[in-house]
Every structure is written in structure tokens, then in C-alpha cells.
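Here's the structure we're looking at; comments come further down.
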Amino acid sequence: MTNSPRSTYLLTGGSGFIGSHLADALLARGDFVVVLDNLSTGRLSNLRPHPRLRFVQGSVLDELMVDELVHQCDVVVHLAAAVGVKLIVEQPLHSFTTNIRGSEIVIEAAHRYRRKILVTSTSEIYGKNSSGPLPEDSDRVLGSPCVVRWAYSTAKAVDEILANAYHSERGLPAIIVRLFNTVGPRQSPAYGMVIPRLVRQAITGVPLTVYGDGTQTRCFAHVRDVVDALLRLLDDERAVGQTFNIGSGDEVSILELAKLVTELTGSTSGIDLVPYAEAYGTGFEDMTRRVPDTTRLRELTGWVPRRTLDDILVETIADARAELVNPRR
Ligand code: UDP
């Protein structure tokens, strides 16, 4: 079943990278969008003014505000979070409390008004489980909670547990998605994500920083493919009560990625191998491999990613070049 046309969607974190692309897609198909964002990592310039778009500057920690906005909307997409390994490592307390308390407030409000809610979780859930493509029921393999990366994974797991418990015990129509590496235009290089960083480095002529030995692998999905998956799940009643991986299966090592960026930009920057400890501080742990199994999503909705890594890089490079000339705020 499809949500009635012209529903009102509340997007928490809607002026961030993924949220703003979701807002574009919802507006393009005729829906109304309310964005709640505190502009900590989101940018107002990510949102194009539109008669069916309303922007509210505020925090998901503001219970009254969240209550009022959830009440006014039909569907909630909870994207607001402290994200990016760099931010999480630098501000562990802020990240942990925002990610747990903020989600609790948004999920509780959705329950209060019986609104459908899509909660965005993360591939970090699987921790350092680096075995092949990971289906949704894969084990979580975590190091010590003293390592902030695993604290982030734990916070997101708490969000998932809460949404699941509200669904099974109180009937909240909740969908959980675990986003794997998502990239594309508007992703800021400021929060450590590898593609925007490497692309900026390449086009500004500074060495590309590859952490560790660069053999670790990731799969990068284009944000518009990810948004397509989100819409398919939001529109399908069968998705309620389930958890879905969203990501590309196209695996690349970070060193190969840096070479590809160099080639596509024509950069003469060169590549620097930077020890993890230098990049993230001592005791940092990375996963050697992270590949999603998206069978569940594909079988339910028919979704497959359509853009290749080359498509993604070409578009991201063009976007980064445009931003250098005309910086977004
Ligand atoms: N990375 C890198 N250079 C950078 C930023 C990140 O080599 O300038 C590496 C990082 O250590 C990780 C991979 O690229 O192995 C992906 O990092 P990102 O932060 O984009 O995502 P995540 O670690 O969450 O997969």
C-alpha cells in the first residue's frame, strides 16, 4: 500500500546530506516536507526553497518542539544524529547523548500520535564483523565500549532496540534502515567521510590521505539510490516492523579509491599513507571490510543501486569543484 499522495513528512536532520536529498525527492513527487534541523552538521543551503517545504531550526532534544511537529505530520523520518567517525571520535559525549536521547524523544512522539516512523541506523551496527556480505541478522562484533567508535555503534543499537520494542509491544509502525557508506553531492568533507575528503584534496592539490595501508574496503552507494530505497520502504506497508540494509555491493579498497579519484580529477597530488593513530588518535579500530547483503530490500521492493562508483565520483568531483567557486554555507 502506498501512503496517500501528498502526505506530510517530518524529516529530522533534513538539511543534512541524506535528508536534503530525501526532501528533494518527496517534494518532487508532490508531498509536503517539514525539516527539523539544528544546523550542527546540516546546512540550510542544502535545501532549495519550495512552497511545500517548511524549515524549523531546532533540536530533536527539544521535546515540546518534536511533539508539536510530529503531531502536524503524517510520517516521520528520523535522520538527525551526530554522524561521521571524525565527529564521533572528537565529541563522544555529545554524540552518544544526541543519538540515544534524541531518538528516544522522536520515537516516543511518533508513538504518541501513532505516526509511521523510519529510523535510520547504520552499518556501524555490525562493528568489526568483516565477514563477506552482511545480512541483517549478522552478529555484531564490537571492541571495548571505551573505544568511541563502538559507543556510537551501541547508541545506534539502542535506537534500533527502542524502535523494535515500540513496534512489537505498542504497535508503532516502525521501519529501521541500516545505511552503509552513502556518498554524492552536498556531502561535506568536514566530518571525515573519505570520498568528499579525497576529492577536495585532489582538486586543491594536497596529498590524498589514505589511512592505514589502504587495503580496507568499503562499498559506496549514491545518495539518490539510497533515497530511492527509502521511498520504496516508506511506501510499502510490508516494510513495517522490519530492518533493512541499504548500500551498494560494489567493493573497493581505499587505496584503489584514492587512485581512482586521482585519475578522474587529473590531480598530481600524490597519495600519503597516514597511520590510524595519527588520523583518529591511539586505540582507534577500523573494520577491514564492510559489504552489505541487500537481498531483503531487493526481494521486498525490487531495489538495486543504479549508479556506479565512477558515476558517483564524477558527480561528486563536479559538485566539489562548483563549491570551491561558490562555497555553501
Ligand atoms: N579514510 C581514509 N582517509 C580519509 C578518511 C577516511 O583513508 O581521509 C578511510 C577510513 O579510515 C575508512 C574508510 O576510509 O577505512 C571509510 O571512512 P569513512 O569515514 O568515510 O566511513 P566509515 O569508516 O564509516 O566506513
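Any chance segment 245-255 includes a residue that's among the hydroxyl-bearing types (Ser, Thr, Tyr) and in contact with a helix residue (DSSP H, G or I) (Cβ under 8 Å, 6 or more places away or on another chain)? Within segment 245-255 (the criterion being among the hydroxyl-bearing types (Ser, Thr, Tyr) and in contact with a helix residue (DSSP H, G or I) (Cβ under 8 Å, 6 or more places away or on another chain)), the answer is yes, since at least one residue qualifies. Residues of segment 212-242 that are away from the ligand (no atom under 16 Å from the Cβ) and either within 15 Å of the chain's Cα centre (by Cα) or small (Gly, Ala, Ser) (or both): 224, 225, 227, 228, 229, 230, 231, 239, 241.
Go through the residues of segment 126-136 one by one and say whether even a single one is more than 19 Å from the chain's Cα centre (by Cα), away from the ligand (no atom under 14 Å from the Cβ) and over 30 Å from residue 264 (Cβ atoms). Scanning segment 126-136, I find at least one residue that is more than 19 Å from the chain's Cα centre (by Cα), away from the ligand (no atom under 14 Å from the Cβ) and over 30 Å from residue 264 (Cβ atoms), so the answer is yes. Within segment 189-208, the set of residues being at pLDDT 95 or above, surrounded by 19 or more Cβ atoms within 10 Å (Cβ to Cβ) and either within 8 Å of the ligand (Cβ to nearest atom) or part of a loop (DSSP other than H, G, I, E, B) (or both) comprises 194, 195, 197, 198, 201, 208. Among the conditions (1) away from the ligand (no atom under 12 Å from the Cβ); (2) at pLDDT 95 or above, residue 186 misses just one, which is (2).
For every residue, the table says whether it meets (1) modelled with pLDDT under 95; (2) not aromatic (Phe, Trp, Tyr).
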| position | (1), (2) |
| --- | --- |
| 135 | no, yes |
| 139 | no, yes |
| 153 | yes, yes |
| 160 | no, yes |
| 166 | no, no |
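Of all residues being among the acidic types (Asp, Glu) and closer than 25 Å to residue 180 by Cβ in segment 67-105, which is farthest from the ligand (Cβ to nearest atom)? Just the residue, please. Checking each candidate, the answer is 104. Within segment 243-263, restricting attention to residues that are part of a loop (DSSP other than H, G, I, E, B) and within 13 Å of the ligand (Cβ to nearest atom), the residue that is farthest from residue 163 (Cα to Cα) is 248.
When restricted to residues that are of a type in the set (D, E, K, R), modelled with pLDDT under 95 and not in a loop (DSSP other than H, G, I, E, B), segment 264-290 contains 1.
The values are calculated or read from the model by the stated rules, or taken from the named source; none is laboratory data. Only a predicted model underlies this, so the values are computations on that prediction, with no experimental measurement involved. Methodologically, a virtual Cβ is constructed for each residue, glycine included, from the backbone with ideal geometry; neighbour enumeration extends over all protein chains shown.
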